[in-house]
Amino acid sequence: MRRIFWLPGVAAAALVVVLAASAAPPKGGGGNFLNYSLGETTGTTCPGSAACSNVAAEPAIRADGAGRFFGSSENSLGEGTVAVRSSDNGLHYTTLVSPDSVSQANDTGFAPGGGDTDLAVAPDKNAAGFYNVYVASLSLLNVDVSTSTDGGATWSLNPVTTPETIDDREWIAADTNNKVCISYHDAPQGITVGCSTDAGLTFTQFASALDANHAFQVGENGIGNLAIDPTSHVIYQ
């Protein structure tokens, strides 16, 4: 059994820690940890490359129903996000094309996202047999959502037009094979949740996560991650 933990490094570098436990670990724990940095350059596989270094921070990690691990991290506002994938139980991670598609052919390095990042994987397969992967990234005024329908090979970017501007600390969660929701601190520092039913192409449903009885918490809250029950489809913020 292997368990994957994703942690920010001392110098804001994203690290992967792999716990490789035996089939019957001794009581009280056991197993060995392996720590290594990930690469920022597309196609870099780590460990095993001299290019396994980065300046990314605030990472996220999820697994799909096929046993693949996907991770994302951010390079700061305007410099885009890094995405990685593992197909061998987390022993190695390969850097994917940046989910911020504008940066793929942009020699200046500018990308629309690059702030706080989070990642979600659909619980059900799409028509092509993949589990959609979604990366949310913060831009200067709004939230960007990038979608991969082919296991991270390619991405489509949707700069979400939220009802407010000056959004902050977004989270993302997926449901079925094409529904994805985001939550974020809006301008007054309330909590807004928005959902898409076309795999992140458009977000047309927005609502406050704070009901009338808790309106006093606008500006007095700390936003946590978002989750969706795949059976009941209830959204939790």
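Read the figures in this text as sums done on the coordinates, not as results from a lab. Computed from a predicted model, the values in this text were never measured in an experiment. Cβ coordinates were reconstructed from backbone atoms using ideal geometry, including for glycine residues, and neighbour counts include every protein chain displayed.
Under 20 °C and 1.002 mPa s, how fast does the stretch 168-237 diffuse according to Stokes-Einstein, given a Kirkwood radius computed over C-alpha pairs? Answer in µm²/s, whole number.
The calculation lands on 172 µm²/s.
Projecting label points 7 angstrom from Cα along Cα→Cβ for A63 and A227 puts them 1.6 nm apart. Between Q205 and N32, the contour length at 0.36 nm per residue exceeds the alpha carbon distance by 57.7 nm.
In percent, what relative contact order does the stretch 155-237 have, based on Cα pairs under 8 Å that are 6 or more apart in sequence?
26
Dipole of the stretch 55-94 computed with +1 at Lys/Arg Cβ and -1 at Asp/Glu Cβ about the Cα centre; of S86, A66, A56, farthest Cα towards the positive end is A66. Across the stretch 214-223, coupling constants 3J(HN,Hα) worked out from phi with the 6.51/-1.76/1.60 Karplus curve, θ = phi - 60°, read 10, 4, 5, 7, 4, x, 10, 8, x, 6 Hz, and Gly and Pro carry x.
Counting 0.36 nm for each residue step from N177 to Q217 and taking away their Cα separation leaves a gain of 11.1 nm.
Magnitude of the Cβ-charge dipole of the stretch 118-237, K/R +1 and D/E -1, about the Cα centre, nearest 20 debye?
220
The calculated FRET efficiency for T154 paired with Y236, based on their beta-carbon distance and R0 = 41 Å, is about 0.85.
Our coupling estimate for the stretch 34-41, obtained by passing each phi through the Karplus curve with A = 6.51, B = -1.76, C = 1.60 and θ = phi - 60°, is 10, 10, 7, 7, 9, x, 8, 7 Hz, Gly and Pro reported as x. Spin-label model, L91 to T161: label points 7 Å out along the Cα-to-beta-carbon direction sit 4.9 nm apart. Taken as Cα centroids, the stretch 62-85 and the stretch 174-227 sit 21 Å apart, rounded to the nearest whole angstrom.
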